[in-house]
1. Just to confirm my filter: which helices (runs of 4 or more DSSP H) fall fully inside region 30-102 and include at least 3 residues that are under 22 Å from residue 121 (Cβ atoms) and not assigned by TED's automatic domain parsing to the domain that holds residue 137?
2. Out of 105, 63, I need the residue that is more than 25 Å from residue 134 (Cβ to Cβ), buried (at least 16 other Cβ atoms within 10 Å of the Cβ) and in contact (Cβ under 8 Å) with a residue 60 or more places away in the chain. Which one?
3. Given the residues 216, 209, which is the only one that is touching a residue at least 12 places away in the same chain (Cβ under 8 Å) and under 26 Å from the mean Cα position of the chain (by Cα)?
4. Tell me which of these residue 111 doesn't satisfy, since it passes every other one: (1) surrounded by fewer than 16 Cβ atoms within 10 Å (Cβ to Cβ); (2) in contact with a helix residue (DSSP H, G or I) (Cβ under 7 Å, 6 or more places away or on another chain).
5. Which ones in region 145-158 are at pLDDT 90 or above and out of contact with any strand residue (DSSP E or B) (no Cβ under 9 Å at 6 or more places or on another chain)?
6. Say whether the condition of being closer than 16 Å to residue 89 by Cα, modelled with pLDDT under 90, under 19 Å from the mean Cα position of the chain (by Cα) and buried (at least 16 other Cβ atoms within 10 Å of the Cβ) is met by at least one residue in region 2-14.
7. What is the residue count in region 125-137 for residues that are out of contact with any helix residue (DSSP H, G or I) (no Cβ under 7 Å at 6 or more places or on another chain) and farther than 16 Å from residue 29 by Cβ?
8. Just a yes or no: is a residue in region 161-180 in contact with a strand residue (DSSP E or B) (Cβ under 7 Å, 6 or more places away or on another chain), surrounded by 12 or more Cβ atoms within 10 Å (Cβ to Cβ) and modelled with pLDDT of 90 or more?
């Protein structure tokens with residue numbers, strides 16, 4: 001049977017089991033698409049910084065300070081923001097069909113994204129991203145040093161989506177709310193427990209308990225109950 005990954009012969013696919021017991025086949029992305037994604041992101045940051053520096057040049061030293069602060073944020077927090085809050089992909093990665101996940105297939109947390117991006121400075125040593133390229137070349141999952149330290153992997157998003165959609169073609173694909181995805185494993189287990197025990201509670205009691213997290217989900221108590229039950233079913237692979 002032909003593989004859906006046959007169009008990407010250079011990269012190797014492998015299966016991971018998520019904490020919810022769902023098996024995913026992911027395809028790590030190699031050097032070329034990741035380099036192109038980096039160049040796209042670099043170009044975006046460069047254009048924004050150039051425009052800001054031109055505009056701020058009219059207000060003297062204050063403008064210089066603003067430019068330096070923006071440069072710091074763009075260099076260190078640009079990738080973190082997109083990887084954590086924009087489905088694991090910077091604009092460059094999204095353009096190349098890539099995203100970043102934990103090794104177990106779960107979405108990135110803020111702490112792990114910070115680790116993988118702060119260690120880019122090590123990947124650049126001793127010059128020209130040499131350490132990062134060397135690391136990519138020496139492991140089958142194409143991980144740079146930041147990925148190895150943070151326990152993350154850069155994968156092809158299209159193939160991952162196809163694998164999720166094909167895993168149960170007769171079911172409706174329910175996407176976990178971002179607030180649920182960012183919960184710790186312990187808190188996700190609490191969501192599952194709520195879903196399993198909800199039938200033993202009255203509707204009023206279910207809504208009362210769901211009201212504890214309704215502000216986190218930015219919904220009413222009733223909508224929070226439905227979201228928690230749907231999320232629990234999804235986390236259990238139903």
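The values are calculated or read from the model by the stated rules, or taken from the named source; none is laboratory data. Small disclaimer: the values here were computed from a predicted structure and weren't measured. Positions of Cβ are backbone-derived with ideal geometry, glycine not excepted, and every protein chain shown enters the neighbour counts.
1. Details: elements: 31-56, 60-76, 78-85, 91-95.
Result: empty, no element qualifies.
2. Numbers: 63 fails: in contact (Cβ under 8 Å) with a residue 60 or more places away in the chain.
After ruling out the rest, the residue left standing is 105.
3. Values: 209 fails: under 26 Å from the mean Cα position of the chain (by Cα).
So the residue among 216, 209 that is touching a residue at least 12 places away in the same chain (Cβ under 8 Å) and under 26 Å from the mean Cα position of the chain (by Cα) is 216.
4. (2)
5. Within region 145-158, 145, 148, 149 meet the criteria.
6. Taking region 2-14 first, the residues closer than 16 Å to residue 89 by Cα are none.
No, that holds for no residue.
7. Going residue by residue through region 125-137, those that are out of contact with any helix residue (DSSP H, G or I) (no Cβ under 7 Å at 6 or more places or on another chain) are 126-128, 130, 134, 137.
Narrowing the set further to residues that are farther than 16 Å from residue 29 by Cβ leaves 126-128, 130, 134.
Looking only at that region, the number is 5.
8. No, region 161-180 contains no residue that is in contact with a strand residue (DSSP E or B) (Cβ under 7 Å, 6 or more places away or on another chain), surrounded by 12 or more Cβ atoms within 10 Å (Cβ to Cβ) and modelled with pLDDT of 90 or more.
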